[in-house]
Amino acid sequence: MRKRYVLGIDLGGTNIRGAAVGAKGGILARLILPTESSQGRQRVLGNLSQVIKTLSSKFSPKEFDLLGVGIGAAGVILQKEGIISQSPNIPQLDGFNLREHLEKEFQLPIFLDNDANCGALGEKWVGAGKGMNDLAFITLGTGVGGGLILGGKLWQGIDGTAGEVGQMTINSEGPECMCGSRGCLEVYSSATAVVRRLREEVMRGEKTQLVGKQGKRLDRVTSRDIHQAALAGDRLSRRLFREMGRYLGIGIANLINLLNLESVILGGGVAEAWDFFVPTLKKEVKQRAFKVPARRVKLLRSWLGVNAGFLGAAFLAWQRAAEERGYEG
Ligand SMILES: [Zn+2]
């Protein structure tokens, strides 16, 4: 019998990360190509096709059976239809039926879901949430993404758009958010938010070693720079991570009360600054959440890092292909 495998792909605003993945989550081959979203839809689709072609060409069809391709993409994904409906990172694909397009091109089952949903699946499959049935995965990147595993399954909601932890309202009077609302968790706890807060504080006259004579231009500062400055003892940078952790703690306290989770797993670039934001996060959870679920929940760092998305997408492909073909995944 031929050996089975799937492809898992993380379609991001900057890079397309793909891998051939075995039944137990082993990575058999991997490839990264730039997304080149500024070059238009055709270029993005061409790069995506290239990843699928290159990875599958490494496995002879005589010996290997490609069951399907799972894709995680940023935005609101109409998962049943295979349509990307609101993608802030790749607006060129807005409203596009990616699944139909790729199924026609490759004659393979294509499975599409939100990137953070895939991250949650990846962490549950082979990462920090292995063996857990109730967890939230939160990515602290350019935005704040989220995925929920409840009762052992990805919680998708009636249209497949569930799990948008980053769009929970934390402050009704807060700053405007990309989603059209205001005061969402995303405007407080994303990389973008930390950078915006630094700019606001510097404009107000707050001092930081990050900008000025020895430092960078204010418009060039990244969240990673702010983390580095915090490590070097910069007081403003440390304060901003405490603030960011406080808002994140409010959001997580809501999740804990609502869902009684076994774990909350944090990934994305800002999670690197863990030591600076976790104390205020925990304090907020302790003050706001019920005692029993607050004591029970484990706050964990992602194990899989940038691999979480494509591994979860691969899991999706394994699971769905198994359902469709009628054998055990
Ligand atoms: Zn929002």
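Residues to consider are Ser49, Ser56; find the one that is farther than 22 Å from Arg325 by Cβ, surrounded by 14 or more Cβ atoms within 10 Å (Cβ to Cβ) and polar (S, T, N, Q). Steps first, please.
On the way: Ser56 fails: farther than 22 Å from Arg325 by Cβ.
Just a single option satisfies the conditions, and that option is Ser49.
Of all the residues that make up segment 292-313, how many are in contact with a helix residue (DSSP H, G or I) (Cβ under 8 Å, 6 or more places away or on another chain), part of a helix (DSSP H, G or I) and either among the aliphatic types (A, V, I, L, M) or surrounded by fewer than 16 Cβ atoms within 10 Å (Cβ to Cβ) (or both)?
Just the residues of segment 292-313 that are in contact with a helix residue (DSSP H, G or I) (Cβ under 8 Å, 6 or more places away or on another chain), to begin with: 293-294, 297, 299, 301-304, 307-313.
Pick out the ones that are also part of a helix (DSSP H, G or I) and you get 293-294, 307-313.
Checking the rest, the ones that are also either among the aliphatic types (A, V, I, L, M) or surrounded by fewer than 16 Cβ atoms within 10 Å (Cβ to Cβ) (or both) come to 294, 308, 311, 313.
Result for segment 292-313: 4.
This table checks each residue for (1) touching a helix residue (DSSP H, G or I) at 6+ places or on another chain (Cβ under 8 Å); (2) crowded, with 16+ Cβ neighbours inside 10 Å.
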residue	(1), (2)
His227	yes, yes
Ala232	no, no
Asn257	yes, no
Val264	yes, yes
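Table: residues versus (1) free of Cβ contacts under 8 Å to residues at least 24 places away in the same chain; (2) in the same structural domain as Ala313 (by TED's automatic domain parsing); (3) not small (Gly, Ala, Ser).
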| site | (1), (2), (3) |
| --- | --- |
| Ala20 | no, yes, no |
| Pro34 | yes, yes, yes |
| Val44 | no, yes, yes |
| Ser56 | no, yes, no |
| Val69 | no, yes, yes |
| Ala74 | no, yes, no |
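For segment 106-125, what are the residues that are touching a helix residue (DSSP H, G or I) at 6+ places or on another chain (Cβ under 6 Å) and of a type in the set (A, V, I, L, M)?
Ile110, Leu112, Leu121
Before we move on, is Ile158 more than 18 Å from the chain's Cα centre (by Cα), in the same structural domain as Val195 (by TED's automatic domain parsing) and aliphatic (A, V, I, L, M)? Step through it out loud before you land on a result.
Working: more than 18 Å from the chain's Cα centre (by Cα): yes; in the same structural domain as Val195 (by TED's automatic domain parsing): yes; aliphatic (A, V, I, L, M): yes.
Taking the combined requirement at face value, the residue satisfies it.
Could you grab me the full set of residues in segment 199-254 that are closer than 30 Å to Phe290 by Cα and either at pLDDT below 95 or basic (Lys, Arg) (or both)?
Restricting attention to segment 199-254, the residues satisfying the condition of being closer than 30 Å to Phe290 by Cα are 238-254.
Selection gives Arg238, Arg239, Arg242, Arg246.
Taking interchain pairs and intrachain pairs at least six residues apart, which have beta carbon atoms under 6 angstrom, with the first residue in segment 163-183 and more than 28 Å from Asp134 (Cβ to Cβ) and hydroxyl-bearing (Ser, Thr, Tyr) and the second outside any helix (DSSP H, G or I) and more than 7 Å from the ligand (Cβ to nearest atom)?
Qualifying pairs under 6 Å: Ser172/Gly183.
Hey, can you tell me all the residues within segment 184-197 that are within 10 Å of the ligand (Cβ to nearest atom), free of Cβ contacts under 8 Å to residues at least 60 places away in the same chain and of a type outside the set (Val, Ile, Thr)?
Result: Cys184, Glu186.
What about Val211, is it under 17 Å from Arg242 (Cα atoms) and either out of contact with any Gly (no Cβ under 8 Å at 6 or more places or on another chain) or in the same structural domain as Val144 (by TED's automatic domain parsing) (or both)? Even if it seems obvious, please write down each step before you answer.
On the way: under 17 Å from Arg242 (Cα atoms): no; either out of contact with any Gly (no Cβ under 8 Å at 6 or more places or on another chain) or in the same structural domain as Val144 (by TED's automatic domain parsing) (or both): yes.
No.
Which condition number in (1) hydrophobic (A, V, I, L, M, F, W, C); (2) surrounded by 22 or more Cβ atoms within 10 Å (Cβ to Cβ); (3) within 16 Å of the ligand (Cβ to nearest atom); (4) in contact (Cβ under 8 Å) with a residue 24 or more places away in the chain is the one that Leu240 fails?
Result: Leu240 fails condition (3) only.
If the requirement is being within 12 Å of the ligand (Cβ to nearest atom) and either under 19 Å from Met244 (Cα atoms) or touching a His at 6+ places or on another chain (Cβ under 8 Å) (or both), which of these qualifies: Glu201, Glu164? Outline the logic, then answer.
Details: Glu201 fails: within 12 Å of the ligand (Cβ to nearest atom).
Exactly one residue qualifies, and that residue is Glu164.
The values are calculated or read from the model by the stated rules, or taken from the named source; none is laboratory data. Just so it is clear, the structure is predicted and the values come from calculations on it, not from any experiment. Virtual Cβ from ideal backbone geometry, glycine too; neighbours counted across all protein chains shown.
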